[in-house]
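> Here it is, the structure, as structure tokens.
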Amino acid sequence: MRSIWNGAISFGLVSIPIKLVNATESHAISFRQIHLEDGGRIRYRKVCELEDREVAQAEIGKGYEDSDGAIIPITDEDLSHLPLPTARTIDIVAFVPADQIDPLQMEHAYYLAASGAPAAKPYTLLREALRRSNRVAIAKFALRGRERLGMLRVADDVIVMHGLLWPDEIRAPQGVAPDVDVTVRDKELDLADALMDTLGEVDLHDLHDEYREAVEQVIAAKATGEQPPETPEPARGGKVLDLMAALENSVRAARHSRGEEEDGEAPPGRAADEGEKAEVRQLPRAEPEKKAAARKAAPRKKTTAKKTAPSSKSARQDGKAASDTKAAAKTPPKPAKKTAAKTEKKTPAKKTAARKRTA
């Protein structure tokens with residue numbers, strides 16, 4: 001791997017000569033601009049505005065445009081004499097726990113390679129000190145015309161440096177979070193935890209760029225004169241009407257894909273004694289007007305219950321209840337208190353008789 005920067009790590013009074021190597025690479029497919037009429041390449045030419053002619057790369061330098069529009073030439077020699085100790089040095093300023101670094105600050109990653117045999121000993125010393133302390137080093141360095149912030153950590157047997165954004169370069173997330181009050185129930189959190197546990201972990205080496213592969217298939221088909229593959233229709237998802245039902249179905253689908261679901265297993269977040277799985281049921285559709293009108297207009301059939309012959313005991317009870325009713329009708333009315341008492345006594349008999357006749 002080709003180094004992009006040479007310098008040294010300043011570790012107190014220890015200086016470690018190193019080389020900076022890009023730790024990442026892009027596999028994105030790049031396209032060229034072409035003329036649609038004839039397929040010719042569209043190129044950008046560097047032209048001097050004063051002489052109105054194209055200039056070569058060797059004739060191009062850099063300059064700073066001030067507020068008046070004047071251009072101030074800046075050479076590489078000017079930048080090499082910057083009054084900074086980090087011009088050619090990765091200056092370690094502190095050692096902190098890794099969880100104090102906000103991932104939002106991380107930029108590009110670089111491998112730090114020991115430059116020559118004399119650098120092997122101090123390089124190994126710093127690497128093992130970082131490994132044993134479970135901390136990362138915060139450093140300042142200059143690269144591509146400006147001073148940057150970096151984080152040094154250990155990956156396998158190599159010291160890796162991540163470029164960090166300065167804290168004032170991180171924008172505050174104002175207006176990003178939902179502006180409504182939402183209450184999340186414990187059962188919903190339990191289902192979310194169960195879904196995360198069911199999905200489990202993944203080996204990042206098993207993940208790949210499917211978009212790039214699809215673009216490569218399209219390019220290969222066009223190159224051979226074949227028809228590019230058609231885009232499959234995305235699965236249509238229904239509207240989420242019930243968050244609990246959606247979570248339960250997600251857990252069930254994840255378990256089914258892993259072959260972990262068992263019959264009769266209660267969904268997470270539900271009581272175990274319910275013993276049934278949650279289902280998302282569709283709301284009943286409104287009945288057409290014609291069918292509803294026909295159903296109302298159709299006469300209803302009367303159903304008569306079959307009467308069974310009463311037993312001898314039931315007959316005696318019915319007869320006694322009937323005679324008591326006749327006697328009560330002939331008896332002149334009495335004061336309210338006594339009438340109420342008789343009514344309370346005879347009411348069970350009437351109810352019993354009614355039940356017996358309809359049985």
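> Filtering segment 35-48 down to residues that are open to solvent by 80 Å² or more (accessible area, probe 1.4 Å) and assigned to a loop (DSSP other than H, G, I, E, B), which residue is farthest from ALA119 (Cα to Cα)?
Looking at the filtered set, the residue picked out is GLU37.
> Looking only at residues in segment 2-34 that are hydrophobic (A, V, I, L, M, F, W, C), closer than 20 Å to GLU107 by Cα and in a loop (DSSP other than H, G, I, E, B), which one is farthest from the chain's Cα centre (by Cα)?
Per the criteria, the residue is ALA23.
> Quick one: in segment 159-204, which of the residues that are open to solvent by less than 50 Å² (accessible area, probe 1.4 Å) and modelled with pLDDT of 90 or more is nearest to ALA114 (Cα to Cα)?
ILE159
> Filtering segment 97-114 down to residues that are open to solvent by 50 Å² or more (accessible area, probe 1.4 Å) and touching a residue at least 40 places away in the same chain (Cβ under 8 Å), which residue is nearest to LEU20 (Cα to Cα)?
If we filter segment 97-114 for residues that are open to solvent by 50 Å² or more (accessible area, probe 1.4 Å), which is where we start, we get 97-100, 102-104, 106-108, 111.
Filter once more, keeping what is touching a residue at least 40 places away in the same chain (Cβ under 8 Å): 98, 102, 104, 106-108, 111.
Working: ALA98: 22, ASP102: 23, LEU104: 23, MET106: 17, GLU107: 15, HIS108: 12, TYR111: 6 Å.
Across segment 97-114, the extreme among qualifying residues is TYR111.
> Are there any pairs, at least 6 apart or on different chains, whose C-beta atoms fall under 8 Å, with the first in segment 133-149 and farther than 17 Å from ALA8 by Cα and the second open to solvent by less than 20 Å² (accessible area, probe 1.4 Å) and not hydroxyl-bearing (Ser, Thr, Tyr), and if so, which?
VAL136/LEU130; VAL136/MET151; VAL136/LEU152
> Among the residues of segment 9-37, which ones are of a type in the set (A, V, I, L, M, F, W, C), modelled with pLDDT of 90 or more and farther than 30 Å from HIS208 by Cα?
Residues satisfying the conditions are ILE9, ILE16, ILE18, LEU36.
> Would you be able to tell me the number of residues in segment 128-147 that are crowded, with 19+ Cβ neighbours inside 10 Å and over 32 Å from the mean Cα position of the chain (by Cα)?
The qualifying residues number 3.
> Of a type outside the set (Lys, Arg), modelled with pLDDT under 90 and in contact with a Lys or Arg (Cβ under 7 Å, 6 or more places away or on another chain): does that describe THR86?
Spelling it out, THR86 is indeed of a type outside the set (Lys, Arg), modelled with pLDDT under 90 and in contact with a Lys or Arg (Cβ under 7 Å, 6 or more places away or on another chain).
> Looking for something closer than 27 Å to ARG185 by Cα, in contact with a helix residue (DSSP H, G or I) (Cβ under 8 Å, 6 or more places away or on another chain), modelled with pLDDT of 75 or more and outside any loop (DSSP other than H, G, I, E, B) - is there at least one such residue anywhere in segment 256-265?
no
> Might you let me know whether segment 120-129 holds any residue that is of a type in the set (A, V, I, L, M, F, W, C) and closer than 30 Å to PRO173 by Cα?
No, segment 120-129 has no match at all.
> Moving to a separate point now. Return the pair list, or none, for Cβ contacts closer than 6 Å from residues in segment 175-202 that are among the charged types (D, E, K, R) to residues that are open to solvent by less than 100 Å² (accessible area, probe 1.4 Å), at least 6 apart or on different chains.
Correct list of pairs: LYS187/GLY269; ASP190/PRO268; ASP190/GLY269.
> Moving on to the next point. Kindly establish whether PRO97 is touching a Lys or Arg at 6+ places or on another chain (Cβ under 9 Å), modelled with pLDDT under 90 and closer than 25 Å to GLU169 by Cβ. Give the derivation first.
Details: touching a Lys or Arg at 6+ places or on another chain (Cβ under 9 Å): yes; modelled with pLDDT under 90: no; closer than 25 Å to GLU169 by Cβ: yes.
Considered against the rule, which asks whether it is touching a Lys or Arg at 6+ places or on another chain (Cβ under 9 Å), modelled with pLDDT under 90 and closer than 25 Å to GLU169 by Cβ, PRO97 comes out as no.
> The conditions are (1) under 20 Å from LEU165 (Cβ atoms); (2) open to solvent by 80 Å² or more (accessible area, probe 1.4 Å), and ALA117 fails exactly one of them. Which is it?
So the condition that ALA117 fails would be (1).
> Residues GLY63, GLY40: which one is of a type in the set (Gly, Ala, Ser), in contact with a Pro (Cβ under 7 Å, 6 or more places away or on another chain) and at pLDDT 90 or above?
GLY63 is the lone residue from the list that is of a type in the set (Gly, Ala, Ser), in contact with a Pro (Cβ under 7 Å, 6 or more places away or on another chain) and at pLDDT 90 or above.
The values are calculated or read from the model by the stated rules, or taken from the named source; none is laboratory data. Note that the structure is a prediction, hence the values are computed from the model and not measured. Ideal geometry is used to build each Cβ from the backbone, glycine not excepted, and the neighbour counts take in all protein chains shown. Calculation scope for accessible area: heavy atoms of the full protein, side chains included, ligands and nucleic acids excluded. Shrake-Rupley method; radii C 1.70, N 1.55, O 1.52, S 1.80 Å.
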